[in-house]
Structures are given as C-alpha cells and as structure tokens.
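Here's the structure, in structure tokens; my notes come after.
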Amino acid sequence: MSPVSPVGFVHLGSYVAKLGDITEGYRYVTLARSLMDRVGSRESAGEVISIGTQVRAYIEPLQATLEYHNEGYAASMASGDIVQAAFNTVLICSSSLSAGVNLQIMREKS
C-alpha cells in the first residue's frame, strides 16, 4: 500500500456515506485509519482524521469525536499541514457546540 492510500479510503468512505450507506462508509473510514497506523506515514494523518471523524459522528457518540479532532489537530501541526490543522479546529468548535459542551469551558480552552 502507498503512504497516501489512507487518504483515498477515507474519501471513498465519506462519499459512500454521503450516498446513504453510512455503515459501509464507516467501514472504509475504519480501514483508512488502520492503514494509516500500519503504513506509518503521518503526513496526511490530519486529513484522514478530520474527514473520517465526520463519518464516525454518525455511528459513535458526538462527544467521542471531539478527541479525534484534537488528535487530528496535533497530527496536522506535527506534519506542518496548517490547512488541516485549521479545519480540525473549526470542527472541534462546531462539534463541541453541537455536543452541548459548556461555552465557558470552550472559551477557557482557546
């Protein structure tokens, strides 16, 4: 497998989920995440995590996805991908608001 294979699988999973088969899309996202760990390349980890977490939010509790976005932010910053770092930050804020996180706590974190 190529170091960018996880990116392809996560986008495929996102597209399949968008077409209505969320369970199958989730399977591709999970595959992308395990491939990312197996391939060992972390340069595209921020993208894989941010896109994959949007699909995971339909299967897993929304509160659990907040940690995934934090991990995606850290991975993006480590690889120098500021666009994905910013995208993960936006998703942290919007998901936190949707999950009902106290706004005062969110303000203190930022």
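Listed values, structure above:
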{"quantity": "Largest to smallest principal axis extent of the C-alpha atoms in region 30-98, angstrom", "calculated": "32, 25, 13"}
{"quantity": "Spatial separation of Cα centroids for region 61-110 and region 1-60, in angstrom", "calculated": "18 Å"}
{"quantity": "Protein accessible area in the chain, 1.4 Å probe - carbon and sulfur %", "calculated": "59 percent"}
{"quantity": "Surface accessible to a 1.4 Å probe, D21 within the full protein complex, Å²", "calculated": "80 Å²"}
{"quantity": "Neighbourhood net charge (11 Å Cβ-Cβ; Lys/Arg +1, Asp/Glu -1) for V29", "calculated": "+1"}
{"quantity": "Surface accessible to a 1.4 Å probe, per residue, for the residues of the chain, Å²", "calculated": "58 Å²"}
{"quantity": "Crossing angle, helix 5-18 versus the chain [Cα axis fit, 0-90 degrees, rounded to tens]", "calculated": "70 degrees"}
{"quantity": "C-alpha long axis of helix 62-79 to longest principal axis of the chain, angle in °", "calculated": "70 degrees"}
{"quantity": "About the Cα centre, charge dipole magnitude for region 36-99 (Lys/Arg +1, Asp/Glu -1 at Cβ), debye", "calculated": "60 debye"}
{"quantity": "Cα long-axis angle, helix 45-56 against the chain (0 to 90 degrees, to the nearest 10)", "calculated": "80 degrees"}
{"quantity": "Alpha-carbon Debye profile of region 1-71, log10 I(q)/I(0) at 0.13 Å⁻¹", "calculated": "-0.31"}
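The values are calculated or read from the model by the stated rules, or taken from the named source; none is laboratory data. Computed from a predicted structure; not experimentally measured. Reconstructed Cβ throughout: ideal geometry from the backbone, glycine too, with neighbour counts over all protein chains shown. All accessible areas refer to the heavy atoms of the entire protein, side chains included, with ligands and DNA or RNA removed. Shrake-Rupley method; radii C 1.70, N 1.55, O 1.52, S 1.80 Å.
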